[in-house]
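Asks: Okay, here's the structure, questions in a sec.
The values are calculated or read from the model by the stated rules, or taken from the named source; none is laboratory data. Quick caveat, the model's predicted, so the values are computed rather than measured. Reconstructed Cβ throughout: ideal geometry from the backbone, glycine too, with neighbour counts over all protein chains shown.
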Amino acid sequence: MADVGDDSDDDDDQISGLTFRARALAQAHPLSATASLYRKRMIDVERSSQPLPEFADWAATALLVGYCIRRVEEAESDAMPTDLPTDQPSAAELDELGRQVAELSDEVRSGRPAGEALLPAAVVEELLNTVISTEIDKRSEHWQANISSADWAQFEQYTAWWVIHGYALRAAETSGLSPSER
């Protein structure tokens with residue numbers, strides 16, 4: 001008879017493996033041309049609006065890792081997308097993509113899948129939570145002791161938003177719609 005904790009250990013191993021794969025993929029410049037342009041546009045705005053330039057750098061990393069979570073999810077579920085457009089999108093197309101990404105981000109924050117569910121919701125939720133926690137923990141030694149609890153909580157929300165936004169970006173760009181249909 002198996003121990004009760006065996007399933008939990010298997011789940012932890014799966015999450016650890018998927019997290020490792022997403023982080024490794026993030027090192028390989030995995031963004032599509034559209035996602036790369038979208039990320040640059042978002043981070044340029046972030047650089048101009050944040051009090052510390054590091055925030056924009058951290059946001060860029062969080063978005064990238066979130067994007068890679070969805071890519072790993074695609075690979076794990078054998079749901080690799082068809083070829084993505086290679087044409088540079090127009091500003092209007094990027095605006096429309098941003099609208100769709102925002103909608104999918106809201107779905108994820110509400111506990112629903114971003115578009116088509118590729119893995120069980122519990123796995124995706126745990127994977128996102130693990131990556132968000134890691135992104136936050138990487139920054140805690142830098143300045144957590146120097147700010148208020150309320151400001152730290154706001155930073156945690158900020159980081160979570162960027163990871164989820166990256167995840168939703170990949171879901172939006174692979175939704176099967178052309179840029180002009182997004």
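Asks: Take the residues in the range 25-73 that are hydrophobic (A, V, I, L, M, F, W, C) and not in a helix (DSSP H, G or I), then tell me which one is nearest to Ala114 (Cα to Cα).
Replies: In this case the residue turns out to be Leu31.
Asks: Sticking with this one: Going by the conditions given, is Leu64 modelled with pLDDT of 90 or more, within 19 Å of Arg170 (Cβ to Cβ) and either of a type in the set (Ser, Thr, Tyr) or under 15 Å from the mean Cα position of the chain (by Cα) (or both)?
Replies: yes
Asks: Can you say whether Ser49 is exposed (fewer than 13 other Cβ atoms within 10 Å of the Cβ), of a type outside the set (A, V, I, L, M, F, W, C) and at pLDDT below 95, as far as the supplied structure shows?
Replies: Answer is yes for this residue.
Asks: Checking the conditions here, which among Asp151, Asp106, Asp87, Asp95 is within 17 Å of the chain's Cα centre (by Cα) and of a type outside the set (Lys, Arg)?
Replies: Asp106
Asks: Tell me whether the range 67-79 contains one or more residues that are basic (Lys, Arg), touching a Phe, Trp or Tyr at 6+ places or on another chain (Cβ under 9 Å) and surrounded by 21 or more Cβ atoms within 10 Å (Cβ to Cβ).
Replies: yes
Asks: Count, please, the residues in the range 149-163 that happen to be crowded, with 17+ Cβ neighbours inside 10 Å and of a type in the set (S, T, N, Q).
Replies: 1
Asks: Next question, about the same structure. From the residues in the range 121-148 that are more than 21 Å from Leu104 (Cα to Cα) and of a type in the set (A, V, I, L, M, F, W, C), which one is surrounded by the most Cβ atoms within 10 Å (Cβ to Cβ)?
Replies: Restricting to residues being more than 21 Å from Leu104 (Cα to Cα) and of a type in the set (A, V, I, L, M, F, W, C), the top hit is Ile136.
Asks: Let me ask you something else. In the range 41-60, what residues are over 24 Å from Ser133 (Cα atoms) and basic (Lys, Arg)?
Replies: Arg41
Asks: Which number in (1) touching a residue at least 60 places away in the same chain (Cβ under 8 Å); (2) more than 25 Å from Thr130 (Cα to Cα) marks the one condition that Leu63 misses?
Replies: Answer for Leu63: the failing condition is (2).
Asks: Test of understanding: among Ser110, Ser90, Ser32, which residue is surrounded by fewer than 18 Cβ atoms within 10 Å (Cβ to Cβ) and under 28 Å from Lys138 (Cβ atoms)?
Replies: Ser110
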